Structures are given as structure tokens and as C-alpha cells.
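The block underneath contains the structure these notes are about, expressed in C-alpha cells.
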Amino acid sequence: MKTALTIVSWLLCLLLNPSYGLAGEDGLDASSADYVFRNGKVYTLDEKQPWAESVAVTGNQIAYVGENGGSAKWVGPETKVVDLKGRLLLPGFIDGHNHYVAGAATKRGVNLTGSQNTEEMLQRIRDYVTANPQKGAYMGFNWEFPMFGETGGTRQELDAISRNKPMIFFNEDTHHVWFNTQAMKLAGIGKDTPDPVPGGSYFQRGPDGTPSGIAIEPDAWQHMAIATGLFGGKEMLQDIVDEVLPLMPKLGITAYHDMGIWAPDMPKGYLGFELLLDMEKAGKLPCRVVGNYATRDGKASPDEHIQALKEWNVRYRSDLVQVTGIKVWADGVFLAHTGVQIEPYADQPDTQGESDWTSDVLARWIEAAYSAGFDVNIHTDGDLAARRSLDAVERVAQKLGPSARLTTLHHLPTIHPDDIPRFAALGVGANMTPVWLVDYKGQYGEANRILGKEKVEKEYGLLIPLLEAGVNVTFGSDIPGTDVAEAAPLFQIQAAVTGRVPGSATTAMPPANRLPSLRQMINGYTLAGARQLRMADRIGSIEVGKLADLIVLEKNLFDIPPDEIAATQVLLTMMNGKVRHREAGW
Ligand SMILES: [Zn+2]
């Protein structure tokens, strides 16, 4: 009788609760979940069961998703039961474009954000130097040209603080560097040093031709940054990684797509992957990383780079880390008139931007990558860069036939509307940085000035048309294009859904019909991100059998005013079945 009852209740369970059956198929033991989350609002991103109350986790896998009642049997003597008290449980956020290792390299030292003038910047630098006398060199970030006023930024201003130790300070988009005399000397730069790219990357100079203190664009400052010892080597990367990666669980990020790990000297990116593997071995890597081999060299043959990528793919492969793609730059940025445009720039009608990465070149690289089994990620800023990339994918598809490989275009501030349906037709993905769709640091206003109002109206920030066309759209904060703290997906989501940078009084917003919904943003930061990483069978939604990457939020984002999203705390972050962050009391 007892057996009969057991069988009946088991059958009932099976009938009433389909996930129980699924759990059985996966062979997970129903009596010994490591964690059971109960009484929550679980937004699963699983179409079959969009909302649930409870989730059980066994090892690193999700074992149960459903109603509270169904999770009781997963609770054993060792099970940790978390009462969510109605809080929102989501899949861990997936950042689809970032440089947590390389990008953060330029966002260290003295933070100059918000300084009103040169004296304020110098005071912050002086304070920092006084507080850190042991350092052999000093760096900082986030100055802006207007802060200098008349002086324009000079070596002598910095020399007055330190004559013997090198100093370099990055501007807010990290394109330019303010340096002192010692930094210049160590790099062997002087009056006779030619400008690397006259008019493109160069030194501002005094009356006698000696560099006066500002280096424009990376070609001019890279060598100096390395010569000062501030850039380079495993130790520096280790410092950054120790500083930056622990932030990720606090922001709710459980996986990210790395778009190039080493900025000034790309092929050395392997050092970064070595560090990530070391961290993983020590149990300290808090997130999954899908990496790229990155190169800007459009004149090179793809073969030697693809060969290097093959080696990285074998060498840097673990539970949490893999290198599966190549990252290339189809152009520069419209803000510097280096984004490649279909029509000339509105404010500089003699230029459309230049790039070595024509459709022919891109097609060669895509074909080489696909043939070797790798995905392709392309930086595309101007509408012509996007069009060339789509042309290239189309050509490769015609030649190779349907491919399992994926090309994703990144940034896409402008897209010609004719090209939108081509993304969907060719299966090309899109990644965007949400704050750049709004007036982040005056960017929306700059777009109007540089690209022209007409083009901005027609082509700028076409996130909604992409989504409506069925394109896989993902999001990422792209440090150093934004600050490390702005990597928070909740900050980015609020910016996108409200049309303004959180905490700012910005009024220039994109039109309301270009603002995405909360659901679309969460999808982009979870399931769509997983598709871009080619991990949608394992992460991105809360389903039985998927890996346990989960976050608990302080407030239900669906119930609060959109301008409270960014300030919502991530209370708990689980990655691969392990709790990586937990607020006190949780
Ligand atoms: Zn990037």
C-alpha cells in the first residue's frame, strides 16, 4: 500500500510538474540539492515557463525550476535554503563586449573626473603622489580638454609635482595622454621625434618643436606608456585583474565576452589569458570568459593570425575560459572622424573616414576564421563599416554555404536602414553599449553636430529596428570607452530604458520610439548574450540542466520606476553553482 501510494504521488508529481521529469532525464538526485531558492519572482527567460517561484541547484547545475511546492523534495539535510521573500531572481548577466583586463589598464591611479580646471587636476595629482610615495611612476584618467583652459596641458605643470618619476594621464576616452618630462625622456622622445601619423596621431608642440605635454591618439603615446613601466608585463595585468574582476559578481555579471585583452600591444594578449587560468586554478575567477584574438592590422595576411588563434584556442581552454573568435576593427570612431561613412561627415564634408578594412579584406578574414572553426567580432562604427562587414559575410556565405559560425558587429552607432534586414537575413549579431545610445558625456549632441541631424534621425541608435527585425542584440559596457563602475548592467539598462544617463540631468534624449523595454534589455544581457558566446545551451536562462549562474536583486525591476533600476543592489550572485557575492544578511 505504501509503495502504491508512493508510486501514485510520484506519477502525480510527474504529471503536474514537467520539470521533475526533466530532472530525472538529467540524472540529478532529487534529495540532495545544494541550494534551494524559494518564494521568489523567478524571471526565467524560458518561453515555456517565463515565471517561477523556486529554483534548486545541485553542483553547478540547475536541477529544478517551478513552484514552491515542487521544490520541497529537493531539500535535504545539507541543502542551503534561501528564502527570497518575493525578490527577483534572474539568470546572471552576460556582458557581450568588454575589456576587463586591457581596458581597465587606462582607468587606474588618479581619477580626474569632474575637475573644473588645471589647478583642480593638479591638486588631485599632488594629493595622490603624497599618499603614494612608494610608487615609481604615476598615472591617472578622465581629463577633458576644456579642463586645461588656456594652457592646453603642459609637461611643466606636471614636472612641478614630480620631476624624477614619469607621469601619464589619460583623457576620458583614453585616446590622448598628458605626460611629464620624465615620461618623455624615458621614451626617448624629443624635438626631433617625428609625429607617427601627421594630423592623425601626433604630439602637441611648443614654439621650438619640442612636445609640449599632450600626445594625440595611441600611436603617439603607446611607446611612452610602455617605457615608463606603467604599461606592460604580467605584473601590471595581475594588478588590474585583482582590482577589477572581483567587482563583477557585485554587478551581477557571471560571464563576459572579451574583445581584446591587451590594448597597446595586441598579440601579447595571451598574458591575460594565462592570468585568467591561474585565477581559475586558485578558485578566484568569478566569471566565465569567452575571449578573442584581436588585431587591427588590415594589411596583414589572416593566416598567421588564425594560426595564433588556433594555438590560443587549445592552450587557453578550461571550465570557465575559452578563446573562440577573432576581433578586428573595420574602422575608427565618428567622434574622431575615423568612422567610415557612406556619406561625408556633416561638419567636415571633405572626409568620410578611411580604413584598410574593405569588404574584400573583411571577407578574406571571415572566410579564414570560419574555415578554421572560429567566430568573428568586428568593431563597426560608421554606417559604411557595417555595410562592408555585411557585404563580406554575404560573400563568404555564398562561397562556403551555410555556416555554423557567427559574425557579430559591435558598437553600430549608425546603420543605414537598408542594411537592417540584412543582419537578420545573414544571421549577423549586433552588440551595443547602452549609454552610448543616450547623451553620455554629450555624445548624442556630438552625433548631431558631427553626423548631422538628418543622419542622426535616420540612422542613429537603431536598436529597436534591429530587435524588430529579429536580430540577436546584446549589450556590454566596453571599458575603457566607459568607466569601470559603469560596467554595471543595471546602470546600462536604466540608461537605455529611460533615454538618459542615470543621475544626470541630460535633456537630449533619443526619440521615445527608440527606447527599448526592460524585457528587451534583460534579454540582451542574458539569453541573447549567451547566443553570442555560443553558450545558449548552457547559460542565459533559468532552465533545468543549465549551469547555475543566478542573481538575486534587491527590488523587482518590473515593479519599480525605471529611474530606480541603477541603484538596485545585487544581493547575491551565483556562478557555476558557487556563491560569488552575497550582501550582508543574504
Ligand atoms: Zn571594445
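The values are calculated or read from the model by the stated rules, or taken from the named source; none is laboratory data. Since the structure is predicted, the reported quantities are computational estimates derived from the model, not experimental observations. Cβ atoms come from the backbone with ideal geometry, glycine included; neighbour counts cover every protein chain shown.
Of all strands (runs of 3 or more DSSP E) completely enclosed by region 25-118, which ones contain at least 1 residues that are within 16 Å of the ligand (Cβ to nearest atom)? If you could, list the steps in order and put the result at the bottom.
Numbers: elements: 35-38, 41-43, 54-58, 61-66, 80-83, 88-91, 93-98.
Once the strands (runs of 3 or more DSSP E) in region 25-118 are filtered for at least 1 residues that are within 16 Å of the ligand (Cβ to nearest atom), what remains is 93-98.
Within the set of pairs 6 or more residues apart or between chains, which connect a residue that is over 17 Å from Leu533 (Cα atoms) and of a type in the set (Val, Ile, Thr) inside region 411-433 to a residue that is more than 16 Å from the ligand (Cβ to nearest atom) and part of a loop (DSSP other than H, G, I, E, B) with Cβ atoms less than 6 Å apart?
Ile415/Leu462; Ile420/Ala469
Give region 183-225 a look and list any residue that's within 21 Å of Asn142 (Cα to Cα), surrounded by fewer than 21 Cβ atoms within 10 Å (Cβ to Cβ) and either at pLDDT 95 or above or not assigned by TED's automatic domain parsing to the domain that holds Glu157 (or both), or say none.
The one that is within 21 Å of Asn142 (Cα to Cα), surrounded by fewer than 21 Cβ atoms within 10 Å (Cβ to Cβ) and either at pLDDT 95 or above or not assigned by TED's automatic domain parsing to the domain that holds Glu157 (or both): Ser212.
Among Asp559, Asp478, Asp549, which is assigned by TED's automatic domain parsing to the domain that holds Pro413 and within 16 Å of the ligand (Cβ to nearest atom)?
Values: Asp559 fails: within 16 Å of the ligand (Cβ to nearest atom); Asp549 fails: within 16 Å of the ligand (Cβ to nearest atom).
Criteria check complete, one pass: Asp478.
Would region 90-99 turn up any residue that is small (Gly, Ala, Ser), at pLDDT below 95 and touching a Gly at 6+ places or on another chain (Cβ under 7 Å)? Explain how you work it out, then say what you get.
Keep residues of region 90-99 that are small (Gly, Ala, Ser), which gives 92, 96.
So of that shortlist, the ones also at pLDDT below 95 come out as none.
No, there is no match, as no residue in region 90-99 is small (Gly, Ala, Ser), at pLDDT below 95 and touching a Gly at 6+ places or on another chain (Cβ under 7 Å).
Do the conditions hold for Glu243, that is, is it in contact (Cβ under 8 Å) with a residue 40 or more places away in the chain and crowded, with 17+ Cβ neighbours inside 10 Å? Talk me through it step by step, then tell me what you get.
Numbers: in contact (Cβ under 8 Å) with a residue 40 or more places away in the chain: yes; crowded, with 17+ Cβ neighbours inside 10 Å: no.
So Glu243 does not fit the description; no.
Can you tell which of Gln134, Gln123 is part of a loop (DSSP other than H, G, I, E, B) and either hydrophobic (A, V, I, L, M, F, W, C) or surrounded by fewer than 18 Cβ atoms within 10 Å (Cβ to Cβ) (or both)?
Numbers: Gln123 fails: part of a loop (DSSP other than H, G, I, E, B).
Exactly one residue qualifies, and that residue is Gln134.
Scan region 548-586 residue by residue and report those that are surrounded by 22 or more Cβ atoms within 10 Å (Cβ to Cβ) and among the β-branched types (Val, Ile, Thr).
Across region 548-586, the qualifying residues are Ile551, Val552, Ile565, Val570, Thr573.
Criterion first (in the same structural domain as Phe334 (by TED's automatic domain parsing), within 23 Å of Asp258 (Cα to Cα), away from the ligand (no atom under 16 Å from the Cβ) and in contact with a strand residue (DSSP E or B) (Cβ under 7 Å, 6 or more places away or on another chain)) does Arg538 satisfy it?
Numbers: in the same structural domain as Phe334 (by TED's automatic domain parsing): yes; within 23 Å of Asp258 (Cα to Cα): yes; away from the ligand (no atom under 16 Å from the Cβ): yes; in contact with a strand residue (DSSP E or B) (Cβ under 7 Å, 6 or more places away or on another chain): yes.
Against the criterion (in the same structural domain as Phe334 (by TED's automatic domain parsing), within 23 Å of Asp258 (Cα to Cα), away from the ligand (no atom under 16 Å from the Cβ) and in contact with a strand residue (DSSP E or B) (Cβ under 7 Å, 6 or more places away or on another chain)), Arg538 qualifies.
Please determine whether any residue of region 464-471 is closer than 30 Å to His176 by Cα and at pLDDT 95 or above. Give the derivation first.
Within region 464-471, the first condition is being closer than 30 Å to His176 by Cα, and the residues that meet it are none.
Looking for residues that are closer than 30 Å to His176 by Cα and at pLDDT 95 or above, one finds none in region 464-471, hence no.
Is there any pair linking a residue in region 210-234 that is in a helix (DSSP H, G or I) to one that is of a type in the set (Asp, Glu), with Cβ under 9 Å and at least six apart or on different chains, and which?
Sorted first by the residue in region 210-234, then by its partner, the pairs are Asp219/Asp195; Ala220/Asp195; Gln222/Asp265; Ile226/Asp265; Lys234/Glu274.
For (1) crowded, with 19+ Cβ neighbours inside 10 Å; (2) away from the ligand (no atom under 15 Å from the Cβ); (3) closer than 30 Å to Gly442 by Cβ; (4) aliphatic (A, V, I, L, M), each residue gets a yes or a no:
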{"position": "Cys287", "(1), (2), (3), (4)": "yes, yes, no, no"}
{"position": "Tyr293", "(1), (2), (3), (4)": "yes, no, no, no"}
{"position": "Asp303", "(1), (2), (3), (4)": "no, yes, no, no"}
{"position": "Val314", "(1), (2), (3), (4)": "no, yes, no, yes"}
{"position": "Asp350", "(1), (2), (3), (4)": "no, yes, yes, no"}
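Could you give every pair whose Cβ atoms fall below 8 Å, whose first residue belongs to region 77-98 and is on the phi < 0 side of the Ramachandran plot and touching a residue at least 12 places away in the same chain (Cβ under 8 Å), and whose second residue is within 16 Å of the ligand (Cβ to nearest atom) and among the aromatic types (Phe, Trp, Tyr), counting only separations of at least 6 or pairs across chains?
Correct list of pairs: Ile94/Tyr256; Asp95/Tyr256; Asp95/Phe475; Gly96/Tyr256; Gly96/Phe475; His97/Phe475; Asn98/Tyr256.
For residues that are of a type outside the set (A, V, I, L, M) and surrounded by fewer than 16 Cβ atoms within 10 Å (Cβ to Cβ), tally how many sit in region 488-518. Can you show your working first?
First, the residues of region 488-518 that are of a type outside the set (A, V, I, L, M): 489, 491-492, 494, 498-500, 502-504, 506-507, 510-511, 513-514, 516-517.
Cutting the leftovers down to surrounded by fewer than 16 Cβ atoms within 10 Å (Cβ to Cβ) gives us 503-504, 507, 511, 513, 517.
Here the count works out to 6.
Please determine, by comparing only the residues of region 378-388 that are more than 13 Å from Ser359 (Cβ to Cβ) and outside any helix (DSSP H, G or I), which one is farthest from the ligand (Cβ to nearest atom).
Kept after step one, since they are more than 13 Å from Ser359 (Cβ to Cβ), are these residues of region 378-388: 379, 381-383.
Cutting the leftovers down to outside any helix (DSSP H, G or I) gives us 379, 381-382.
Numbers: His379: 7, Asp381: 11, Gly382: 16 Å.
Looking at residues that are more than 13 Å from Ser359 (Cβ to Cβ) and outside any helix (DSSP H, G or I), I get Gly382.
Applying the selection to region 519-538, what residues are surrounded by fewer than 24 Cβ atoms within 10 Å (Cβ to Cβ), part of a loop (DSSP other than H, G, I, E, B) and at negative phi?
If the condition is that a residue be surrounded by fewer than 24 Cβ atoms within 10 Å (Cβ to Cβ), part of a loop (DSSP other than H, G, I, E, B) and at negative phi, then Met535, Ala536, Asp537, Arg538 are the ones that fit.
Just to be sure I understand, how many residues within region 137-152 are in a helix (DSSP H, G or I) and either within 19 Å of Gln182 (Cα to Cα) or of a type in the set (A, V, I, L, M) (or both)? Talk me through it step by step, then tell me what you get.
In the first step, residues of region 137-152 are kept if they are in a helix (DSSP H, G or I); the result is 145-151.
Of the ones still in play, those that are also either within 19 Å of Gln182 (Cα to Cα) or of a type in the set (A, V, I, L, M) (or both) are 147.
Number satisfying all stated conditions: 1.
Count, please, the residues in region 241-260 that happen to be hydrophobic (A, V, I, L, M, F, W, C), assigned to a helix (DSSP H, G or I) and away from the ligand (no atom under 16 Å from the Cβ). Before you say what the answer is, go through the steps one by one.
Just the residues of region 241-260 that are hydrophobic (A, V, I, L, M, F, W, C), to begin with: 241, 244-245, 247-248, 251, 253, 255, 259.
Narrowing further to those that are assigned to a helix (DSSP H, G or I): 241, 244, 247-248, 251.
From what's left, away from the ligand (no atom under 16 Å from the Cβ): 241, 247-248, 251.
Number of matching residues: 4.
What do you reckon, is Gly401 on the phi > 0 side of the Ramachandran plot, more than 16 Å from the ligand (Cβ to nearest atom) and modelled with pLDDT of 95 or more?
Details: on the phi > 0 side of the Ramachandran plot: yes; more than 16 Å from the ligand (Cβ to nearest atom): yes; modelled with pLDDT of 95 or more: no.
No: the conditions fail for Gly401.
Is it the case that some residue within region 186-208 is touching a residue at least 40 places away in the same chain (Cβ under 8 Å), touching a Lys or Arg at 6+ places or on another chain (Cβ under 9 Å) and aliphatic (A, V, I, L, M)?
Among the residues of region 186-208, not one is touching a residue at least 40 places away in the same chain (Cβ under 8 Å), touching a Lys or Arg at 6+ places or on another chain (Cβ under 9 Å) and aliphatic (A, V, I, L, M), which makes the answer no.
Just checking, how many residues over region 408-422 are away from the ligand (no atom under 16 Å from the Cβ) and under 15 Å from Leu362 (Cβ atoms)?
So the first thing to find is which residues in region 408-422 are away from the ligand (no atom under 16 Å from the Cβ), and the list is 414-422.
Next cut, under 15 Å from Leu362 (Cβ atoms) only: 419, 422.
Qualifying residue count, region 408-422: 2.
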